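See structure below.
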Amino acid sequence: MSKTPIFVTQPSLPPLEDLIPYLEQIWENKVLTNGGPFHKQLEQALCDYLGVPYISLFSNGTIALITALKALNITGEVITTPYSFVATAHSLLWNNIKPVFVDIDPVTLNLNPNKIEAAITPNTSAIMPVHVYGHPCDVDAINDIAKRYNLKVIYDAAHAFGVQCHCGSVLNHGDLSVLSFHATKVFNTFEGGAIVSPNAEIKHYIDKLKNFGFENEVSITYCGLNGKMNEFSAVVGLLQLQHIDEQLEKRKAIDEAYREGLKEVLGIRCHAPPTPEKSNYSYFPIFVEEDYPLTRDQLYEKLKTIGINGRRYFYPLITDFAIYKENGLQANEGFPIASHAAEQVICLPIYSEFLNQNVRRIIEIIERESLSTKKSLLGPQA
Ligand code: T4K
């Protein structure tokens, strides 16, 4: 058994030798960025693989989120979730938009559509839900609310690469969807991201926004930024696509092994099962509930001392970070479901090269910890 530390994830990488011919081409043609040939190829390849009409590649998911809000001219207030990575809400602040946080669904941990309407005010212009851990939001309910109140919907789909729901790619819902291709994601380009658009018009506008707003060599029409993906990342993406299905299969096997191994452990609950259509198994969150003898943090620390580094995604809640708390962005009644999840969840290690023996070891530790702690509570004679 390896004694090297285990992390919550490890990036998948294509074989190094496969990269060399592509690098030789880049060295040859000297096009490093600004919409080069590999950038174009990757956009098309991703549209084909994901089953989406238009994609604009970005340098990372955060810049893509910021640009997506700008592209739809979102202002005022946006309804979003406190249970996410902080980039979701930060993208709103970067656009001078007030995030209005709404509690989550206890099963999926996604924004609860039943709580959205009460948070709508005359200043609300959009909803920004997150497909947390790659589990699809209730897209129909959100769409229905958006239509009735004339709101835009921008999905933070950073976790949802390749995920399908009842009507094909989950990325085709809402006005725009934003992906992350960070090193920690199921599909990585080292750093990277993308916006999925429903039509060519908005895609072209987004493409201008991510390139300073250039219309042509001498004309700037919009206040854009620099969000472009470079040619190296695009090449990595093209190679990653060759292996993605195999990697998702390996993740699926790990997901199944965890679920099977943990199903009898009292006080440990696995997150909602993967979507039957297509999941990406990007995270493996467990809830450490009240009837488990250790608290979530005790189990987290216990695992850490033996080199197993799970992560408490998403603790603290975004609304508990000082910058949000001090700006009065907490709801009066708080976010009981999100707070509870933030206190209970550990994301266990999952990645395509994660060894089955390590999955078994983690299950055994969680089981053993449960039994031994119970015994010690009964006293020495037990
Ligand atoms: N929206 C949502 C819902 C998101 O989750 C994210 C990003 C975004 C938007 C923004 O997308 P980007 O702008 O990042 O494209 C990580 C990632 O940095 C972040 O991308 C991700 N979400 C978030 C959930 O997780 P940390 O602080 O946990 O990363 P870090 O460096 O601690 O990495 C976790 C583990 O992964 C390490 O312990 C070891 C392993 N690792 C990490 C890196 C970076 C590697 O093995 N190699 C690596 O290169 O935030």
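Miscellaneous remarks
- What you get for the stretch 268-328, charging only the Cβ of Lys and Arg (+1) and of Asp and Glu (-1), is a dipole of about 240 debye around the Cα centre.
- Options 134, 92, 363, ranked by Cα towards positive dipole end of the chain, top entry (Cβ charges): 363
- Residues of the stretch 123-163 with an amide N closer than 20 Å to a point placed 7 Å from the Cα of residue 75 along the Cα-to-Cβ direction: 123-128, 149-154.
- Distance from the C-alpha centroid of the stretch 147-165 to that of the stretch 1-78: 19 Å, rounded to the whole angstrom.
- Once backbone amide H atoms are built at 1.01 Å from N, residue 10 has no partners under 5 Å, excluding neighbours fewer than 5 places away on the same chain.
- Efficiency of FRET between residue 107 and residue 17 - r from beta-carbon atoms, R0 35 angstrom, step 0.05: 0.20
- Take residue 248: with every protein chain present and a 1.4 Å probe, its accessible area is about 10 Å².
- Each label point was placed 7 Å from the Cα along the Cα-to-Cβ direction; for residue 320 and residue 34 their separation is 4.7 nm.
- Global geometry of the stretch 1-153, whether rounded, prolate or oblate, following the gyration tensor of its Cα atoms and the 1.5 cut on a/c: prolate
- Here the 3J(HN,Hα) profile of the stretch 47-57, calculated from phi with Karplus coefficients 6.51, -1.76 and 1.60 at θ = phi - 60°, is 4, 5, 5, 7, x, 10, x, 9, 9, 10, 7 Hz, Gly and Pro shown as x.
- When the surface is traced with a 1.4 Å probe over the full set of protein chains, residue 86 keeps roughly 30 Å² accessible.
- Folded to 0 to 90 degrees: helix 200-209 orientation relative to the chain principal axis, Cα: 90
- Cα-based reach from residue 302 at 19 Å (exclusive), listing aspartates and glutamates while leaving out same-chain residues under 8 positions away: 289, 290, 291, 343, 364, 367, 369
- As a calculated quantity, the FRET efficiency between residue 306 and residue 166 at R0 = 56 Å, using C-beta atoms, amounts to about 0.85.
- Applying 1/(1 + (r/R0)^6) with R0 = 56 Å to the Cβ-Cβ distance of residue 364 and residue 121 gives a FRET efficiency near 0.65.
- Taking each DSSP H run with n ≥ 4 as -39500 (n - 2.57) and averaging over every residue of the chain yields -12000 deg cm²/dmol at 222 nm.
- Surface exposure of the chain, expressed per residue as accessible area with a 1.4 Å probe, stands at 45 Å².
- Each peptide in 55-64, 99-108 was scored by the mean count of other Cβ atoms within 10 Å over its residues; highest first, the order is 55-64, 99-108.
- Relative contact order for the chain: 22 percent, from Cα pairs under 8 Å spaced at least 6 residues apart, divided by residue count.
- Integer Hz, Karplus 6.51/-1.76/1.60 couplings in order for the stretch 67-84, x for Gly and Pro: 5, 4, 5, 5, 4, 9, 6, 6, 9, x, 10, 10, 7, 8, 9, x, 9, 6
- Spacing of the two label points (7 Å from each Cα toward its C-beta) at residue 219 and residue 272, in nm: 4.7
- Cα-based shape type of the stretch 120-196, given that a ≥ b ≥ c are square roots of the gyration tensor eigenvalues and the cut on a/c is 1.5: prolate
- In plain terms, the chain is cut at each of the trypsin sites (Lys or Arg not before Pro) found in a DSSP loop with at most 12 other Cβ atoms within 10 Å, and the longest leftover piece is 31-262.
- Here the Karplus curve 6.51 cos²θ - 1.76 cosθ + 1.60, taken at θ = phi - 60°, turns the phi angles of the stretch 112-125 into couplings of 8, x, 5, 9, 6, 4, 5, 8, 6, 10, x, 8, 6, 10 Hz, with x standing for Gly and Pro.
- Fraction of accessible area attributable to carbon and sulfur, the chain (%, probe 1.4 Å): 54
- Rounded to the nearest 20, the Cβ-based charge dipole of the stretch 36-183 about its Cα centre (Lys and Arg +1, Asp and Glu -1) stands at 340 debye.
The values are calculated or read from the model by the stated rules, or taken from the named source; none is laboratory data. Predicted model only: the values in this text are computed from it and were never measured. For neighbour counting, all protein chains shown are included, and Cβ atoms are generated from backbone atoms with ideal geometry for every residue, glycine included. We work out accessible area using only protein heavy atoms, side chains counted, and drop any ligands, DNA or RNA first. Shrake-Rupley method; radii C 1.70, N 1.55, O 1.52, S 1.80 Å.
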